[in-house]
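*Asks:* One structure follows; several queries about it will come next.
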Amino acid sequence: MRYFITGTDTDAGKTYVTCLLLEALKKQGRLAAGFKPFCCGTRADSIALFEASGEGLTLDELNPVWLKTPASPFAASMIEGRLLDLESIHEVYHELAHRFEDVLVEGVGGWEVPLAPAYTAADFAQELGLPVIVVVNNKLGALNHTILTVKNIIARGMKCTGMILNHVAETRDSASISHRLILQDMFEVPVLGEVLHGETDGAALLEALS
């Protein structure tokens, strides 16, 4: 199982959902690894993925690029005077894919976050050639972000496996209740499931991907 997991924005819950899937894979006895090629600001998300992944993986393999500045990788790399070696990051992914049965690649921010001049996270995902899962921060305004993201994935000729509606906030606004129905009407891309606030079991999501 190999997927690129993107989000509708920087707080959509990509790490949370990816960790749920990794933990569910581990419970099935599968050798699974998270891969977060780019991390900006705190490294907490990478550490969470590391703890949810299987054995035989280092934190620096899981997260080869850690920029301390909380900004897009392109902006952070300019501020810190670092040049991203994209070729080496691809090599790390292929090494992990060789060693691990399942690899879940988590993007950074939203779908089109800039990584380098005229190059975005979407370009990186397209080069990997993995099917994409879109994690949706299910709140007022989510429809626009989700529709734009899914349409761009499809326009690039990539496979969008499905959307996961993540309830980041403890309380739900009235708009979020209708989102699943509307998104299913908009696309042939399925809604794989909904993750409630505080959800700790990813078994249902994993089954939807099987």
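The values are calculated or read from the model by the stated rules, or taken from the named source; none is laboratory data. These numbers come from a predicted model, not from an experiment. Backbone-built Cβ (ideal geometry, glycine too); neighbour counts: all protein chains shown.
*Asks:* If you go through the range 28-61 one residue at a time, how many are under 22 Å from V113 (Cβ atoms) and polar (S, T, N, Q)?
*Replies:* The qualifying residues number 2.
*Asks:* Can you pull out the residues in the range 45-80 that are farther than 22 Å from W111 by Cβ and surrounded by fewer than 17 Cβ atoms within 10 Å (Cβ to Cβ)?
*Replies:* If the condition is that a residue be farther than 22 Å from W111 by Cβ and surrounded by fewer than 17 Cβ atoms within 10 Å (Cβ to Cβ), then I47, E51, E55, G56, T58, L59, D60, K68, I79, E80 are the ones that fit.
*Asks:* Identify all residues within the range 83-109 that are part of a loop (DSSP other than H, G, I, E, B) and in contact with a Leu (Cβ under 7 Å, 6 or more places away or on another chain); write none if there are none.
*Replies:* L84, F100, E101
*Asks:* When the residues of the range 68-82 are filtered to those that are in a loop (DSSP other than H, G, I, E, B) and small (G, A, S), which remaining residue is nearest to M163 (Cα to Cα)?
*Replies:* The selected residue is S72.
*Asks:* Of everything in the range 17-38 that's surrounded by fewer than 20 Cβ atoms within 10 Å (Cβ to Cβ) and in contact (Cβ under 8 Å) with a residue 60 or more places away in the chain, which residue is nearest to H145 (Cα to Cα)?
*Replies:* Among them, the one singled out is E23.
*Asks:* Considering only the range 104-111, I want to know if a residue exists there that is touching a helix residue (DSSP H, G or I) at 6+ places or on another chain (Cβ under 9 Å), aromatic (F, W, Y) and in contact (Cβ under 8 Å) with a residue 40 or more places away in the chain.
*Replies:* Among the residues of the range 104-111, at least one is touching a helix residue (DSSP H, G or I) at 6+ places or on another chain (Cβ under 9 Å), aromatic (F, W, Y) and in contact (Cβ under 8 Å) with a residue 40 or more places away in the chain, which makes the answer yes.
*Asks:* Okay, next question. Being in contact with a helix residue (DSSP H, G or I) (Cβ under 6 Å, 6 or more places away or on another chain) and of a type in the set (S, T, Y) is the filter; apply it to the range 1-16 and report the residue that is surrounded by the most Cβ atoms within 10 Å (Cβ to Cβ).
*Replies:* Restricting to residues being in contact with a helix residue (DSSP H, G or I) (Cβ under 6 Å, 6 or more places away or on another chain) and of a type in the set (S, T, Y), the top hit is T8.
*Asks:* Step by step: first the residues of the range 72-131, then only those that are aromatic (F, W, Y) and in contact with a strand residue (DSSP E or B) (Cβ under 8 Å, 6 or more places away or on another chain), then the one that is nearest to L20 (Cα to Cα). Which residue is that?
*Replies:* F100
*Asks:* Kindly indicate whether any position in the range 90-107 is surrounded by fewer than 20 Cβ atoms within 10 Å (Cβ to Cβ), closer than 25 Å to T8 by Cβ and within 16 Å of the chain's Cα centre (by Cα).
*Replies:* no
*Asks:* Pick out the one residue from E55, E80 that is under 22 Å from T120 (Cα atoms), more than 17 Å from the chain's Cα centre (by Cα) and among the acidic types (D, E).
*Replies:* That would be E80, the only listed residue that is under 22 Å from T120 (Cα atoms), more than 17 Å from the chain's Cα centre (by Cα) and among the acidic types (D, E).
*Asks:* Restricting the search to the range 1-42, which residues are of a type outside the set (V, I, T) and in a loop (DSSP other than H, G, I, E, B)?
*Replies:* Within the range 1-42, M1, D9, D11, A12, G13, Q28, G29, R30, L31, K36, P37, G41 qualify.
*Asks:* For the range 158-210, how many residues are in contact (Cβ under 8 Å) with a residue 12 or more places away in the chain and under 22 Å from Q126 (Cα atoms)?
*Replies:* So the answer is 13.
*Asks:* Regarding the range 156-163, can at least one residue be identified that is within 12 Å of T8 (Cβ to Cβ) and either at pLDDT 95 or above or touching a strand residue (DSSP E or B) at 6+ places or on another chain (Cβ under 7 Å) (or both)?
*Replies:* Taking every residue of the range 156-163 in turn, at least one turns out to be within 12 Å of T8 (Cβ to Cβ) and either at pLDDT 95 or above or touching a strand residue (DSSP E or B) at 6+ places or on another chain (Cβ under 7 Å) (or both).
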